[in-house]
1. Would you check which residues across the range 685-707 are touching a helix residue (DSSP H, G or I) at 6+ places or on another chain (Cβ under 9 Å), part of a loop (DSSP other than H, G, I, E, B) and in contact (Cβ under 8 Å) with a residue 60 or more places away in the chain and list them?
2. Filter the range 432-452 down to residues that are among the hydrophobic types (A, V, I, L, M, F, W, C) and over 28 Å from residue 404 (Cβ atoms) and give me whichever is surrounded by the fewest Cβ atoms within 10 Å (Cβ to Cβ).
3. Look through 511, 503, 518 and report the one residue that is within 36 Å of the chain's Cα centre (by Cα), at pLDDT below 85, not small (Gly, Ala, Ser) and not assigned by TED's automatic domain parsing to the domain that holds residue 755.
4. Would you confirm, using the coordinates I've provided, whether residue 742 is charged (D, E, K, R), in contact with a Leu (Cβ under 8 Å, 6 or more places away or on another chain), under 26 Å from residue 669 (Cα atoms) and not in a loop (DSSP other than H, G, I, E, B)?
5. Taking the range 203-235, which residues are within 14 Å of residue 56 (Cα to Cα), of a type in the set (A, V, I, L, M, F, W, C) and not in a loop (DSSP other than H, G, I, E, B)?
6. Within the range 161-175, is even one residue at pLDDT below 80 and more than 55 Å from the chain's Cα centre (by Cα)?
7. Within the range 110-125, can you find the residues that are assigned to a loop (DSSP other than H, G, I, E, B) and under 11 Å from residue 64 (Cβ atoms)?
Amino acid sequence: MINNTSNFLHQLLLQDLSDDDGGELISIVATPEDEELSKLKKPASLPILPIRNTVLFPGVVLPITVSRKKSIRLVRKAYRGDKIVGVVAQKNTAADDPTSEDLFQVGTMAKILKMLVLPDGNTTIIIQGQSRFKIEKVLQEVPFLTAQVSHCKEDFPNKNSREVKALVQSLKDAAAKMLKLNPEIPQEAQIALDNIDSPGFLTHFLSSNINVEVAQKQKLLEINDGVERGTTLLELMMKEIQLLEIKQEIQTKVHTDIDQQQRDYFLRQQIKVLQDELGFDGPDQEIEKLRAAAAKKKWPEAVAKHFNKELDKLGRINPQAAEYPIALNYCEFLIELPWGEYTKDNFNLKRAKKILDTDHYGLEKVKDRIIEYLAVLKLKNDLKAPILCLFGPPGVGKTSLGRSIAKSLGRKYIRMSLGGVRDEAEIRGHRKTYVGAMPGKIINQIKKSGSSNPVIILDEIDKVSSDFRGDPSSALLEVLDPEQNSTFVDNYLEVEYDLSKVLFIATANALDTIQPALRDRMEIIDITGYTLEEKTEIAKRHLVPKQKSEHGLEEKDVKITTSALQKVIDDYTRESGVRSLERKIGALVRNIAKAKAMEDEYNHTLDAKDVVKILGPEPFDKEIYQESDTAGVVTGLAWTSVGGDILFIESILSRGKGKLTLSGQLGDVMKESAITALSYLKAHAELLDIDYRLFDQYDLHIHFPEGAVPKDGPSAGIAIFTSIASIFTQRKVRPKMAMTGEITLRGKVLPVGGIKEKILAAKRAGITDIILCTKNRKDISEIPAVYLKDVRIHYVDSVDDVIQFALLPEQVKKPLKLELTKEASLAGALEQ
């Protein structure tokens, strides 16, 4: 009975031989009963034949194509001898020359039934599994692997128990169900299953043929207990049955979908007939309409040729095909783009300047640059648009300025937010072969504007990021290069589009995050922020009227005085822009709106006292100059992101050993400035009549008040030096004086930035005299004269000039005392 089954499956198996030492093969039945297996001769050592992609089980026959040199030598030697080999599956299937580390420890002793030498040099053998063994020790690696083994006992206790019979029947039922669900398995396999009576061989046979990974088959081979092996096998078979059922369900559904498509086709044909009867446009009419619209377009010849080619391709596509709407949308998009359509620029420069001045107070550099662009465009009538980048802190009006520019030019206005854009396709578009392909933001916005020369605001260009989908900053290089953007190619568009007439204006809060190559293509215009006076004017002209309108108030309902606005600016906001100022003004106006709505009595004119009542206590303290009679206190000037401010520097001496202490949460630059200033003072102590021995007998502590606020920057050098010189000479500092500048070891004073903000801060604090580096004179020339009223500027080149003006000449009553050691006293006596 078993031999007949073996002969049938033998013929089936020979049709599908493995290509490299094993594979997913159809195993066959050719085995004695379990009692016969137990009587087989079991040698203590076996030559090991590695196979991959399959596991050999006892009683199962497999054909294997042997191509490795070691394996061929092993097989030929074994076939000439007792024909017994040990077959072990590989852990690492990629290893061409596997060692013992690459093999599982449990394998199957097998007998070579037949060996065939093929014309290509490979050898095919047919082997039959005999019994299981475990590798205990590797005896040799060359010329082939040989190992000492221990044979595993085939343990399937009490074959006739009810548990074993139930397990065998469950396995046969599961196998029958798999045969029914998988039509690829021949029906003769059911006969083979019915003729298997041995529980042990049944589990081996099904384990060999189940469709699972090699590791799971190996796990089945390693289980000694037959009931446990059968139970594990049954679990795997039930999972396979579930997969087969799902596969059959999907195939049934697909068949149903095909029937549905045929039904839809006939319905569409009927709809087409009805549309023709009613006069609706069909595919042919759509194509003709597109062709007629294309004839009116002012596009280049290359684009016209490309469009006609795409239109002809559209005519050859079946309207019911999935590609038809994609091709139709592409042709429609080409038609909708404003090829060669430009809005007429308004060259009335006085009108443009009036619009810019009305919408924005200050920002003179930006306005002048726009007027220059309009002037050149008016004279030449052809100018590649510049790429402007408005750089400055938030809230200074960078984005709204773009709207005013578009208004003054008479162009369409487009705002594109680039913050968080990390996909290159957002700029350059997707290729139209992709599902859901779309053009990039640039081309899409131009289509919406209906003009090829709009003003496009690239907002937050410094916040463009990148990931695995590409770098949008690199895609912007072509867009923002006046020499290249006349031939910009969008991936979706596939043809060149001229962007040279577009006026791009980028905005950024920081320059260091912008790609250097991209920054090089833009003209940077620095907007540092607004002064107190400028904020006051902006509030009067724009913010207060806007908030009144938004809160339903009329002009007569409330008036906010200048003192009230300045109170809000100084004590309730800390910013370079005006966003917080607008919110605070909105809070004042809302209070009035509430009183009006509730018909309560209220003050129609708000002053500084009313601001405190409505907004509460001031969250910020304005630094005011405080005159001091103590030596070592100097007023410095600092630049912050919210404008200028004054900074006090305090120095004090205490008995010690010359230790320097710095406090006030300072950065590295300010620490180095303090060390430099002290070193210069020690080196030139005699110029100020300071005994050099004092530096070793007194500890110096330099403090910057408001220790919770981080401070850093190269502008406090001369102020620190003046403070140190004042405390060592005990000469007081000139009152109402402030200074800013850096110092070198040679005593030179270096120029610093933020001069406009610093001078305005000094003026607000009540400072009358300011010391600056001579090279900062050019910065003073750019500040309006009204801001310099009642302030005297003193220019210096060295710290000697600083000390000469900053320190008062009179001495205090208690100069520093010098304590002399015995050696110093003796040396002084000898000199006398």
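1. Selection gives 691 alone.
2. Among those that are among the hydrophobic types (A, V, I, L, M, F, W, C) and over 28 Å from residue 404 (Cβ atoms), it is 435.
3. Numbers: 503 fails: at pLDDT below 85; 518 fails: at pLDDT below 85.
So the residue among 511, 503, 518 that is within 36 Å of the chain's Cα centre (by Cα), at pLDDT below 85, not small (Gly, Ala, Ser) and not assigned by TED's automatic domain parsing to the domain that holds residue 755 is 511.
4. On the way: charged (D, E, K, R): yes; in contact with a Leu (Cβ under 8 Å, 6 or more places away or on another chain): yes; under 26 Å from residue 669 (Cα atoms): yes; not in a loop (DSSP other than H, G, I, E, B): yes.
In short, yes.
5. Hits for the range 203-235 are 205, 206, 214, 215, 220, 221.
6. Step one: of the range 161-175, the residues at pLDDT below 80 are 161.
From what is left, the residues that are more than 55 Å from the chain's Cα centre (by Cα) are 161.
Scanning the range 161-175 turns up at least one residue that is at pLDDT below 80 and more than 55 Å from the chain's Cα centre (by Cα).
7. Matches in the range 110-125: 122 only.
Results for (1) within 21 Å of residue 222 (Cβ to Cβ); (2) acidic (Asp, Glu); (3) at pLDDT 50 or above; (4) touching a helix residue (DSSP H, G or I) at 6+ places or on another chain (Cβ under 8 Å), shown as yes or no for each residue.
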position	(1), (2), (3), (4)
10	no, no, no, no
40	yes, no, yes, no
46	yes, no, yes, no
67	no, no, yes, no
76	no, no, yes, no
85	yes, no, yes, yes
97	no, yes, yes, yes
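The values are calculated or read from the model by the stated rules, or taken from the named source; none is laboratory data. Every value quoted in this text rests on a predicted model; they were computed, and no experiment measured them. Note that each Cβ is placed from the backbone with ideal geometry, even for glycine, and that neighbours are counted across all protein chains shown.
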